[in-house]
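Since the structure comes first, as structure tokens, the remarks are kept for the end.
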Amino acid sequence: MTTTPVVRALGDLAHGSAHPATTACSCPPPQVLADRNDGTVVRSGPVVAKAHAADSDTRALMARLSLAASPPLAGILLPPLPAPDVPPAGAGDRTVSLWPYGRPVDPSDPDAAPWEEAAVLLARLHRTPPPRPLPPMRGPVKAARAVARMCRAVPGGPCTAPVLAAWRGLPGWARAENPVPPHRDGYLCHGDLHLGQLVRHPAPQGPWLLIDMDDAGLGDPAWDLARPAAWYAAGLLPPGIWLRFLDAYRAAGGPAVRADGDPWPELDVVARALTVQTAALALAKSAAEERSPDEVEQLMIDACVRIASLPPELVSEPPS
Amino acid sequence: MIQCPKCHAQMHTYNRNGVQIEQCSGCRGIFLDYGELESLTRLESQWAQQAPPAPPAPQAYPAAPAPAWGAPHQGGHYGGHHRQKSFGRMLFSS
């Protein structure tokens with residue numbers, strides 16, 4: 001396997017933090033958990049080292065990372081280990097952080113995923129008064145970036161038309177062009193919830209906690225429910241799982257949706273935004289891999305076709 | 001009493017929803033006067049408008065509210081090994 005300087009540097013850092021250098025060592029080689037533009041993550045035994053995105057706004061990132069160490073968020077967010085005294089040279093100017101290892105959700109068994117636990121953690125996060133100053137949650141920015149990436153990867157492709165039409169139908173705040181409406185803004189949000197953002201700590205049987213606050217900040221808490229909502233609306237997530245997730249969020253007093261009845265007035269815009277984001281990334285990735293979208297990706301694109309053909313009176317919040 | 005123009009049997013007059021029609025007692029053929037076909041067509045379209053809506057498609061789970069753009073026939077998509085694998089990947093990525 002080829003390694004990059006940053007992967008080697010993170011592996012060395014994690015291993016160096018796992019036990020004193022004087023202790024005899026039988027550690028397995030460091031394991032790359034993720035290596036993408038938006039984060040490189042390497043594990044050595046009980047320690048995980050992360051190099052954050054190269055294009056991060058450092059001040060905003062530090063504010064977001066400090067959330068994880070904040071006492072009111074204990075039991076909701078995985079707390080960090082002390083940051084390295086000296087940033088590893090191999091990481092360039094990327095910010096590096098250290099974390100205890102937590103056991104992730106089993107990707108081969110999505111039905112066994114901790115949907116209720118995720119919902120309760122989100123409800124508790126959203127109910128926590130946010131420390132200030134805190135930058136905006138990056139959900140809308142990430143959606144806009146996904147659309148831009150699609151346009152670069154498939155310039156003028158006819159397959160992008162319904163995705164772009166669905167995107168243009170969103171209000172400006174959901175496209176990162178306008179501020180979030182005041183009545184929906186100001187909540188502490190995760191900003192990028194999916195099942196890879198939950199771990200059990202201490203591993204393997206500790207309580208579930210949220211990880212990766214790189215996109216966290218102030219915003220509309222419905223954004224954190226939008227991915228499961230979009231999967232459900234596209235026909236991918238069975239209604240039973242969706243209702244378990246939604247009911248657990250409501251039972252825990254989550255503020256993103258009304259307490260009873262139809263939650264879609266609050267979810268419609270954000271779920272459309274995540275549908276567009278997911279379809280845009282699917283088209284960008286499938287084009288890069290010179291393949292057609294797979295069956296699941298196609299269902300998200302099909303959902304964009306339906307969104308794009310909606311009569312205006314069925315859209316809960318018109319474009320702005 | 002009129003005779004059927006086809007089989008020459010006797011035709012009887014019936015009233016159907018206010019429209020007089022003549023039906024042959026032999027071949028069961030029907031004779032319509034001027035305007036009667038239009039009257040029947042009009043009655044048919046009124047009946048179609050008043051008909052109750054078709055029952056909703058059966059659901060795999062008690063109905064959960066969904067958006068106007070939601071996938072049709074919620075409940076039909078979840079099987080299949082390939083889809084499970086692909087869906088699993090999607091659940092774990094940004």
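Quick look at the values:
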| item | result |
| --- | --- |
| Rounded FRET efficiency, nearest 0.05, which uses the C-beta distance separating A:Ala83 from A:Thr22 and R0 of 25 Å | 0.65 |
| Neighbouring partner chain Cβ atoms per residue of A:294-300, average, 10 Å criterion | 5 |
| Chain A: proportion of alpha-carbon pairs further apart than 24 angstrom, % | 56 |
| Between 0 and 90°, nearest 10: helix A:5-18 axis offset from chain A longest Cα axis | 60 |
| Relative contact order (%) - criterion: Cα under 8 Å, at least six apart; region: chain A | 19 |
| Residue order, fewest to most beta carbons within 10 Å, for A:Thr95, A:Thr160 | A:Thr95, A:Thr160 |
| Rounded to 10°, Cα long-axis angle of helix A:239-251 versus longest principal axis of chain A | 70 |
| Sorted peptide list for A:103-115, A:207-219, criterion being average Cβ within 10 angstrom, highest first | A:207-219, A:103-115 |
| Pair A:Asn178, B:Ala63: separation of 7 Å Cα→Cβ label points (nm) | 3.3 |
| On Cα atoms only, tilt of A:264-288 relative to the major axis of chain A in degrees | 70 |
| Per-residue HN-Hα couplings for the stretch B:29-40 [Karplus 6.51, -1.76, 1.60; θ = phi - 60°; Hz; x = Gly/Pro] | x, 10, 10, 10, 6, 3, x, 6, 4, 4, 4, 5 |
| Separation between Cα centres of the stretch A:265-280 and the stretch A:92-166, rounded to whole Å | 12 |
| Eligible lysines near B:Lys85 by straight Cα distance, threshold 21 Å, same-chain separation 8 or greater | A:Lys285 |
| Per-residue average of Cβ from other chains inside 10 Å of A:239-246 | 4 |
| Proximal aspartates and glutamates relative to A:Lys142, as straight alpha-carbon distance under 15 Å, when same-chain residues fewer than 8 apart are discounted | A:Asp38, A:Asp55, A:Asp57, A:Glu177, A:Asp192, A:Asp212, A:Asp214, A:Asp215, A:Asp220, A:Asp224 |
| 3J(HN,Hα) from dihedral phi, the stretch A:113-123, Karplus parametrisation 6.51/-1.76/1.60, rounded to Hz, x for glycine, proline | 5, x, 4, 5, 5, 4, 5, 5, 4, 5, 4 |
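No lab work stands behind these numbers, since they all come straight from the coordinates. On a predicted model such as this, the values are computed, not experimentally measured, just so you know. Cβ coordinates were reconstructed from backbone atoms using ideal geometry, including for glycine residues, and neighbour counts include every protein chain displayed.
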